[in-house]
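Student: Can you read through this structure? Questions will come right after.
The values are calculated or read from the model by the stated rules, or taken from the named source; none is laboratory data. Source: prediction; values computed, not measured. Positions of Cβ are backbone-derived with ideal geometry, glycine not excepted, and every protein chain shown enters the neighbour counts. For accessibility, only protein heavy atoms count, side chains too; no ligands or nucleic acids. Shrake-Rupley method; radii C 1.70, N 1.55, O 1.52, S 1.80 Å.
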Amino acid sequence: VDSSDTDLLSAIADGDRNALRILYERHAGWLLLRLSRRCGDPDVVNEAVQDTFVAVWRRAASFRAEGEPAAWLWGIALRRLLDRMRRRSRWESVAEWIQPGVVVSAEDEVMVGVEHGDAGAALDRLSPELKAVVQAMVLDGLTARETASLLGIPAGTVKTRMMRARRLMLEDLAT
Amino acid sequence: MTWHPSADAISAYAINRLPSSQAWSIEAHVAGCDPCRRAAADLPGAARLEAIWEATLEQVDAPRRSVVEMALGAVGVPEHLRGSWRPPRRSRFPGWRR
């Protein structure tokens with residue numbers, strides 16, 4: 001029970017179901033909460049959490065020991081959510097590949113400073129629609145296209161909203 | 001780590017009652033802080049988490065899918081279409097049809 005996440009992942013890679021259970025108990029909760037802030041449909045969030053741990057079961061061997069397991073898990077969870085959202089909307093083309101390998105932790109580090117000071121206040125004054133776009137593109141590092149499928153809006157609208165958010169925040173900070 | 005969000009703040013985050021700037025700070029912190037992850041672990045509710053776990057186990061126990069099925073899954077082909085995969089026939093229409 002006191003094994004590190006990295007140890008658990010190598011046990012999972014060897015087919016240890018109990019290790020998967022322990023990892024699930026440690027991480028499913030916060031992953032679910034975080035996904036819930038990106039998708040209002042609880043069923044889709046449930047499916048994404050499920051897909052995440054199925055993916056962990058199948059791909060644990062691909063985890064590199066020097067990495068941070070929680071960041072790795074979040075990267076998978078966010079991709080699974082996008083995948084579920086994409087399936088839910090009309091799937092147009094088999095060739096629509098998912099952009100692999102999102103680095104989340106570095107952006108998170110930068111955003112820690114946001115709460116304090118004017119930038120945080122300017123952010124909080126944005127409309128929910130604009131905040132959702134900023135969250136997806138800045139915090140989660142998604143492309144405009146990925147953001148579009150997550151939010152169910154056209155990619156052009158994503159770009160317009162991102163520009164509007166940027167302009168509003170800059171204006172807010174300049175006054 | 002010196003600063004930790006309060007239990008109240010994490011609870012408020014869990015029910016989406018925090019401004020984005022604070023919510024993002026909590027997310028950034030929780031992702032890297034084991035005690036805070038554990039504090040958040042039960043907030044979605046035991047019943048919901050158990051149901052997801054059961055569904056996860058079912059898939060873990062299911063027979064491994066073929067390489068083709070997995071590739072189709074990776075590019076977003078819905079599960080119910082993957083089982084009946086066969087090489088696409090020449091079609092006048094772009095994209096895939098059932």
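Student: At a probe radius of 1.4 Å, what is the per-residue accessible area of residue B:29, in Å² to the nearest 10?
Tutor: Surface open to solvent at residue B:29 totals about 20 Å².
Student: Could you check how much of the accessible area of segment A:1-53 is carbon and sulfur, as a whole percent, using a 1.4 Å probe?
Tutor: Percent of accessible area from carbon and sulfur atoms in segment A:1-53: 42.
Student: If the label point is 7 Å along Cα→Cβ of residue A:41, which residues in segment A:122-154 have backbone nitrogen under 16 Å from it?
Tutor: A:147-154
Student: Set the Förster distance to 25 Å, then compute FRET efficiency between residue A:7 and residue B:50 from the Cβ-Cβ distance, nearest 0.05.
Tutor: Once rounded, the FRET efficiency stands at 0.55.
Student: What is the sum of charges, Lys and Arg at +1 and Asp and Glu at -1, for the other residues whose Cβ falls under 15 Å from the Cβ of residue A:11? Mind dumping the intermediate values first?
Tutor: Working: positive: A:17, A:21, A:26, A:58, A:59; negative: A:2, A:5, A:7, A:14, A:16, A:25.
That works out to -1.
Student: Using 7 Å Cα-to-Cβ label points, what is the residue A:129/residue B:60 separation (nm, one decimal)?
Tutor: In this crude label model, residue A:129 to residue B:60 measures out at 4.3 nm.
Student: So, in Å, what gap is there between the alpha-carbon centers of segment B:19-36 and segment A:136-174?
Tutor: Result: 21 Å between the Cα centres.
Student: In addition: Could you give me the ³J(HN,Hα) list for segment B:16-27, computed from phi with Karplus coefficients 6.51, -1.76, 1.60 and θ = phi - 60°, whole Hz, x at Gly and Pro?
Tutor: 6, 10, 10, x, 3, 4, 6, 4, 5, 4, 5, 4
Student: On full extension of the chain, what length is gained from residue A:71 through residue A:118, given 0.36 nm per residue of separation minus the C-alpha to C-alpha distance?
Tutor: Length gained, residue A:71 through residue A:118: 14.1 nm.
Student: Then there's this: Can you pull out the buried accessible area for chains B and A, both sides counted, probe 1.4 Å, rounded to the nearest 100 Å²?
Tutor: Chain pair B/A: roughly 4400 Å² of buried accessible area.
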